[in-house]
Structures are given as structure tokens and as C-alpha cells.
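Okay, handing you the structure first.
Every read-out reported here was derived from the displayed coordinates using simple, explicitly stated rules and does not represent laboratory data. For clarity, every value in this text was computed on a predicted model and none was experimentally measured. Positions of Cβ are backbone-derived with ideal geometry, glycine not excepted, and every protein chain shown enters the neighbour counts.
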Amino acid sequence: MTPSHMTRVTCAALVAATATLAYAADATNPPVKARQEAMEKIGENMKTISDMAKGDRAFDAAAASAAAAAIAETAGTAPALFETQADDPESTAKPAIWQDFGSFTEKAGALKAAAAAADMGSLDALKASMMEIGKTCKSCHDDFREKT
Ligand code: HEC
């Protein structure tokens, strides 16, 4: 196995873990619930892609493209969903979001761009695209989400 191949497999596992581990109890405060639902939708679509990358689901270019498109679309709604500071005991959002909303918006834009640019034409392309998308999840969660 080449080092770059290793990196890819490790990253696929990490992204898969991110997509599945992250389901916490649901918030009840409506704006918090709405933004968590958007994130869950992003997570479910990411799981569709990572399941194919791991071989848990047959590669299906159309389904993978639809998942990437849904991620891009939902990422586009994130700035509006997070704009007003709202809290809930079940929220893992950090107050830093509202101290640096410009950076938060940029990171949502980076996810949208990576998902929109995803190439799902082959399994190898899917794995590479998933890594690019996954980096943008991590970049935002590192700064703006409590570790769960
Ligand atoms: C622009 C920043 C940002 C990006 C990009 C981002 N997230 Fe999130 N995500 C958050 C924040 C903030 C929360 C915590 C929301 C809360 O609990 O109020 C969160 C929460 C979640 C949750 C938990 C939702 C719940 O019900 O508690 C999942 C799952 C999730 N993200 C998956 C992903 C995946 C997968 C990606 C990439 C494909 C991604 N996120 C990209 C900011 C982001």
C-alpha cells in the first residue's frame, strides 16, 4: 500500500466516524433544532458517500452525485440557519461562531464549494472528493463545534 493510499483509507474511516458518531440528543429550541437538522442531513448524505468509499454500499455515481449536490445545497443554508445566536443544552455549537461569523460563513462556503466540485464519476474520484469535502467539515468543527 502506498502512503497516499494509506492516507486515503484513514481519512475515509475518519469521515465515516464523523458522519455516524455525531448524532446527539435532539435540541428543542427551534432555531437550534433547525440547524442541527441541516447538519444531520449533511451527515446522512456524507454517509452515503463514505459507505461507497468503504465498500459497504455499491458504487452508484448518480446516488453519490445526488448526495454531493444535497450537501452543497444544505451548506448554502448554514449561514442563515446559524446567524442568530441561539442556545440549547443539546447544542455543541461554540460561541466563537458569533464572535467570528465571517470565518464561519467562509467555512460553510468552503464545504459548499467542495461538494459542488465533487467528481463522482468513478470510485477513486469519489474517494478523493470525499477527502476534500471531509477536510472542510473538520475545519469548521475544529473551530466551531465542541468535541463530542
Ligand atoms: C460552517 C461550519 C460547519 C461545517 C462546514 C460543517 N459543520 Fe457540522 N456542525 C457545525 C456546528 C456548529 C455543529 C453544532 C450545531 C449545534 O449543535 O448547535 C455541527 C454539528 C454537526 C452534526 C451533529 C448534528 C446534531 O444533530 O447534533 C453532524 C452530524 C455534522 N455536523 C456533520 C457534518 C459533516 C458530515 C460535515 C461535512 C460534510 C459538516 N458537518 C460540516 C458546523 C459545521
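Under 12 Å from a point 7 Å along the Cα-to-Cβ line of Ala25: which residues of the stretch 71-111 have their amide N that close?
Correct set: 89-91.
Could you run the Karplus curve 6.51 cos²θ - 1.76 cosθ + 1.60 with θ = phi - 60° over the stretch 37-54 and give me ³J(HN,Hα) per residue in whole Hz, x for Gly and Pro?
Karplus-based 3J(HN,Hα) across the stretch 37-54 equals 5, 4, 5, 5, 5, 4, x, 5, 5, 5, 5, 3, 5, 6, 4, 5, 4, 7 Hz.
Highest mean first, what order results for 50-60, 66-76 on Cβ atoms within 10 Å?
Details: 50-60: 16.7, 66-76: 20.4.
Top to bottom by mean Cβ count within 10 Å: 66-76, 50-60.
From the residues Ala125, Pro89, Ala115, which one has its Cα farthest along the dipole of the stretch 14-148 in the positive direction, the dipole being from +1 and -1 charges on Cβ of Lys/Arg and Asp/Glu about the Cα centre?
Farthest towards the positive pole: Ala125.
Work out, step by step, the length gained on full extension between Ala113 and Asp143: first 0.36 nm times the residue separation, then minus their alpha carbon distance; give nm to one decimal.
Values: separation 30, 0.36 × 30 = 10.80 nm, distance 1.90 nm.
So the chain would gain 8.9 nm between Ala113 and Asp143.
Now, a different point. Could you give the nm distance between label points at Ala128 and Asp100, where each point is 7 Å from its Cα heading toward the beta carbon?
3.1
Apply the Karplus parameterisation 6.51 cos²θ - 1.76 cosθ + 1.60, with θ equal to phi minus 60°, to every residue of the stretch 115-132 and state each ³J(HN,Hα) to the nearest whole Hz, in sequence, with x for glycine and proline.
5, 5, 8, 4, 10, 9, x, 8, 5, 5, 5, 4, 4, 5, 5, 4, 5, 5
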